[in-house]
1. Among the residues that make up segment B:170-182, is at least one of them in contact with a Lys or Arg (Cβ under 7 Å, 6 or more places away or on another chain) and of a type outside the set (D, E, K, R)?
2. Restricting segment A:93-122 to residues that are within 20 Å of A:V154 (Cβ to Cβ), touching a residue at least 40 places away in the same chain (Cβ under 8 Å) and assigned to a loop (DSSP other than H, G, I, E, B), which is farthest from the other protein chains (Cβ to nearest Cβ)?
3. If you check B:P192 against the conditions, is it away from chain A (no Cβ under 14 Å), of a type outside the set (F, W, Y) and not in a helix (DSSP H, G or I)?
4. Give the residue, chosen from B:A113, B:A154, B:A165, B:A180, that is hydrophobic (A, V, I, L, M, F, W, C), surrounded by 24 or more Cβ atoms within 10 Å (Cβ to Cβ) and in a helix (DSSP H, G or I).
5. Against the conditions (1) surrounded by 14 or more Cβ atoms within 10 Å (Cβ to Cβ); (2) at pLDDT below 85; (3) of a type in the set (D, E), where does A:D105 fall short? Just the number, please.
6. Which of (1) surrounded by fewer than 20 Cβ atoms within 10 Å (Cβ to Cβ); (2) within 14 Å of another protein chain (Cβ to nearest Cβ); (3) within 22 Å of the chain's Cα centre (by Cα); (4) assigned to a loop (DSSP other than H, G, I, E, B) is the odd one out, the single condition A:A126 does not satisfy?
7. Select, from B:Q126, B:Q97, the only residue that is closer than 30 Å to A:A61 by Cα and away from chain A (no Cβ under 14 Å).
8. Working carefully through the options B:G66, B:G36, find the one that is away from chain A (no Cβ under 14 Å) and surrounded by fewer than 21 Cβ atoms within 10 Å (Cβ to Cβ).
Amino acid sequence: MRGVRLLDDLDLSVGVGGRLLIVSRPEGSASLLLRILAGLAHADHGSVRLAGVSRADDSAAGWARRIGYVGASAGIYGWMTPAEVLELAGRLAGYDRADRHRRSDAAMERYRLGSSRDAPIRRGGAALAQRTALAAAMLTDPEVLFLDDPLRSVDAEERSRLLAIPGKRRTVVLASAFPATEVGLVNQVALLRDGSVVLHAPVRELDARGLTLSLRGIEALAGISEANDSHARVAAR
Amino acid sequence: MNRLLALAGLAAHELWISYRLLLLLTLPLLGGLAVGAIPAELAGLRAVDGAARWYAISLCASVGIGAAVVSATLAAERRRGTIAWMAVRAVPRSAVQLAWFVVVGGVMVVGIALGAAAAWLTAIEQLAEIPDAGPLVAATVAAAAAALVVLAGAMIVGALPLPPAVASVLSLLLGVGILASAVVVPLTAPLPTGGLGLLANLSRSTRPIADALQSTGTALVAVAFLLLLAVVTLDRADL
């Protein structure tokens, strides 16, 4: 992506409780946006403030508990067990022992980690690692959750069940390269094109126009047809 | 503090299960033990000074390899997302780096101390009268501080956006180069890596303990500065 402007003067707001799907062209823009928001990548300028807290707030009740992020890669050591990962996530979030156990048990049950609880994650492969990563992110009951093309190693049905994130006041932002797989998980959709937001609309607008939740459907809603697209590319050359 | 302990525990476990911890510990020790295998006519000087010189030369290799391990480890941690996993939990990147440095540096220092003890025991075996161990102990402390300087430099390389293999080769070359120059060029000033030069040229120093203290001091200042640079480098990196 060297030399390609992925994000440029972007303006996007999501209300409390919103479930936003972001798709982008080029593909990496949506992921980069989420990583900037989660504090993993840097923007050229500006600052990030989410749910009333800034990235600099590393207190126990600050960023660590209120913001969650799950990436395409689990980022967990293979020798750790799901129980150890959840214990560590609880410790880093500053919960006391009793609270850690309560939250850990609840996450184990919801994400069906019980049978693998004390087995090294590497034995369960990428799917177990990704489910554990999601469980760890949900351990703190975050107000804002970023999902960067998550759980791709989990089978489709199970993935949809796991990503049906509960909580009416929880804001979920999901970046996906395969929007058709996110049906039923989101209620609004945004399209980034050449770094800017060209569409931000409720999913029901797609339904009203008889369009599907797919890249083609979203682009059609944004008024971008394939013919226009190829014309623009030729013009750009 | 609890958080730092948790991170250090993770780093130690990760190093342990991959045998890197053992490598960092045993390399300097093997260097110390190998001193005994050097024929007396090659060892030169008096027994302890000769042993110290060969031990210093072996440290160039073992600390250089340690630096390569540090860089590769940090680069791999960044690549596979474990640092990102910590960062989204509001763990400062500097805390992750510091935890890794404490573990790697601590293990390496213990290995250097054990290696020096092995070299000392080998050297005094042939002597009728046991000499004062003070200069060797002081020089070893200064050499360990010099090793920490190289490891802190490796933390910077590991924080750069480089593949682990490239980072490790770069650190190996830089580490061995810097340490070898300290051994070859006699100590003229209290440089951060001067401790290793002092260890290699113990017989030439008229005030080894004072020189060692000076070198240790400058080395620790250099470590602090290099760690700060490593923190800034990782802070500016995308995870």
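The values are calculated or read from the model by the stated rules, or taken from the named source; none is laboratory data. A quick note: this is a predicted structure, and the numbers were derived from the prediction, not measured. No Cβ is skipped: glycine too gets one built from the backbone with ideal geometry, and neighbour counts run over all protein chains shown.
1. Checked against the condition, which is being in contact with a Lys or Arg (Cβ under 7 Å, 6 or more places away or on another chain) and of a type outside the set (D, E, K, R), segment B:170-182 yields no hits at all.
2. By that ranking, first place goes to A:Y111.
3. It is true that B:P192 is away from chain A (no Cβ under 14 Å), of a type outside the set (F, W, Y) and not in a helix (DSSP H, G or I).
4. On inspection, the qualifying residue turns out to be B:A154.
5. A:D105 satisfies every listed condition except (2).
6. (4)
7. Result of the check over B:Q126, B:Q97: B:Q97.
8. B:G36
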